[in-house]
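Read the structure below first, then the notes.
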Amino acid sequence: MKQIAILGSTGSIGVSTLEIVAAHPDKFRVVSLSAGKNLELCARQVRQFRPKLVALADPADLPRLRELLDGQDVELVGGLEGLCAVATADGVQMVVAAIVGAAGLVPTAAAIQAGKDVALANKETLVTAGHLFMELVARHQVKLYPVDSEHSAVFQSIEGHRNQDITKIILTASGGPFRETPLERLKSVTVQDALNHPNWSMGRKITIDSATMMNKGLEVIEARWLFDVPVERISVVIHPQSIIHSMVEYLDGCVMAQMGVPDMKAPIAYALTCPERVPTGVRGLNLTEVGSLTFFEPDNGRFPALALAYRAVNDGESMPAVMNAANEVAVEAFLQGRIRFTEIAAVIEKTMDAHQPHVLNSVEEVLNTDRWGRAKAKELIGL
Ligand code: NAD
Ligand code: MG
């Protein structure tokens, strides 16, 4: 029986995680969970999974949740302290880090410091503070399992191999909804168009990130830290069918790929149970039904955000954290109809231009840099 905590249980990854838990009641017990604003769903989850501790991001929402729970025996806590309590709760062996954005940083760090293994969905953690997190993981001797489908694919493709034999990591990208949209139309696409992802059903922020391909940029940086491979050896190829989830090339010319129907339940389950595999409800792959797998070079003119991510790693130090902060602000502004789709990358680039990279020695310093990046991006947008 694995005792787990879920940070962000009401999100897309959180809900899929709980579906796996529900399908294997003999394998998992949910000790604690945290949610944001979806109190009704959170209350339903508490009734179904009976955790002993629940945190809400905003303590002001606690009385309403208490009301919805109607006498249910569960401890409720709020705010950042509450999220950290969920991540470090007694008995928890593995924390599923599925909060979106830099808000996941502190609770994920708390989990590691408390000696918990982490199933990491929150890629922003490694983008903003990769060196600090990998150090923490080593120091506290915990395991870090990737949930992101590309990184799960790489993880599965390197098992049994030696790191020094890797010549290349090839991350696949669907290309999102605008892969073939005429360039002059990109500036007038709507929020609805951008949220209409062809292959994956995900939270709003990552869906917009997929449309700009900043998601792939964040994933390049995530891979750099998870697998300790320099970014020069991490490339991106557009693969519209999303059947190959990523690949690893070795010095003998062999390439290992992991394939499957695109469904996050498969990589989530593997992060939870690895090296064991459990049924997930994801159907097997019928390649004759898929017919053909195609591959394209990403076009920098169409997807400037991807190049910005490579630039951020090369500038180094605090630059990826600033890029990430500006992206979070710009995506939110786009979702609220305040800026155009094509302005997302422009805002990120201008924010990066205004930043002088500096060393980040602690999570506290990362948070300060994150705040600086947000303020600068807001100023540029005029918020
Ligand atoms: P989502 O928006 O559906 O859910 C986010 C969760 O975090 C919710 O439970 C929400 O209440 C909570 N949350 C949001 N802001 C918070 C805050 N400030 N404090 C505390 N909690 C907060 O997002 P998602 O699609 O599930 O993605 C979660 C993470 O997983 C992201 O980092 C994303 O990049 C990554 N990821 C998601 C997918 C996917 O298929 N959805 C795939 C790969 C990686
Ligand atoms: Mg991914």
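The values are calculated or read from the model by the stated rules, or taken from the named source; none is laboratory data. Here the structure is a predicted model, which means the values were calculated and not measured. Virtual Cβ from ideal backbone geometry, glycine too; neighbours counted across all protein chains shown. Heavy atoms of the whole protein, side chains included, go into the accessibility calculation; ligands, DNA and RNA do not. Shrake-Rupley method; radii C 1.70, N 1.55, O 1.52, S 1.80 Å.
Observations on the model:
- Charge context of Gly91, other residues only, Cβ under 11 angstrom, K/R +1, D/E -1: +3
- Beyond 28 Å in Cα-Cα separation lie the following of the pairs Lys37/Lys187; Lys116/Lys350; Lys52/Lys205; Lys205/Lys265; Lys143/Lys216; Lys37/Lys143: Lys37/Lys187; Lys116/Lys350; Lys52/Lys205; Lys37/Lys143.
- Separation of alpha-carbon centers, the stretch 109-169 and the stretch 339-383, rounded to whole Å: 25 Å
- Stokes-Einstein D in µm²/s, Kirkwood radius over Cα pairs - the stretch 1-133 at 37 °C with 0.692 mPa s viscosity: 228 µm²/s
- Antiparallel beta bridges, as assigned by DSSP with both residues in the chain, represent about 25 percent of the total such bridges.
- Calculated FRET value between Gln3 and Thr181, using beta carbons and R₀ = 51 Å, to 0.05: 0.65
- Calculated FRET efficiency for the pair Asp70/Arg338, C-beta based, R₀ 41 Å, to 0.05: 0.55
- Solvent-accessible surface (1.4 Å probe) assigned to Phe295 amounts to roughly 90 Å².
- Remark: accessible surface ordering of Asp70, Asp228, Asp299, Asp148 (largest first) is Asp70, Asp228, Asp299, Asp148, probe radius 1.4 Å.
- Exposure of His197 as accessible area (Å², to 10), given a probe of 1.4 Å and all protein chains: 20 Å²
- In terms of its alpha-carbon gyration tensor, the stretch 167-285 comes out oblate; a/c meets the 1.5 threshold, while b/c is at least as large as a/b.
- Theoretical FRET efficiency, 1/(1+(r/R0)^6), r = Cβ-Cβ of Asp353 and Thr167, R0 41 Å, to 0.05: 0.75
- DSSP-assigned coil residues among GluC sites (Glu not before Pro) in the stretch 196-294, each with at most 15 further Cβ atoms within 10 Å: Glu276
- Span-rule helices in the chain, defined as complete DSSP H runs reaching 18 Å or more along the axis (Cα) with Kyte mean at least 0.5: 319-335
- MRE, 222 nm, helices only [DSSP H, n ≥ 4, -39500 (n - 2.57), over the chain, to nearest 500]: -14000 deg cm²/dmol
- Sum of side-chain charges, Leu120 neighbourhood, beta-carbon under 9 Å (Lys, Arg +1; Asp, Glu -1): -1
- Inter-label distance for Leu293 and Ala22, nm, one decimal - labels placed 7 Å from Cα along Cα-to-Cβ: 3.2 nm
- Amide H contacts for Gln258 (H built 1.01 Å from N in the peptide plane; partners 5 or more residues away or on another chain; cut-off under 5 Å): His245, Ser246.
- Residue-level accessible surface for Arg47, protein heavy atoms, 1.4 Å, Å²: 110 Å²
- Set of the stretch 1-28 residues, backbone N closer than 15 Å to the point 7 Å along the Cα-Cβ line of Ala114: 3-9
- Kirkwood hydrodynamic radius of the chain, from inverse mean 1/r over distinct Cα pairs, in Å: 21.2 Å
- Diffusion of the stretch 82-144 by Stokes-Einstein, at 37 °C in a medium of 0.692 mPa s and with Rh set to the Kirkwood radius over alpha-carbon pairs, works out to 293 µm²/s.
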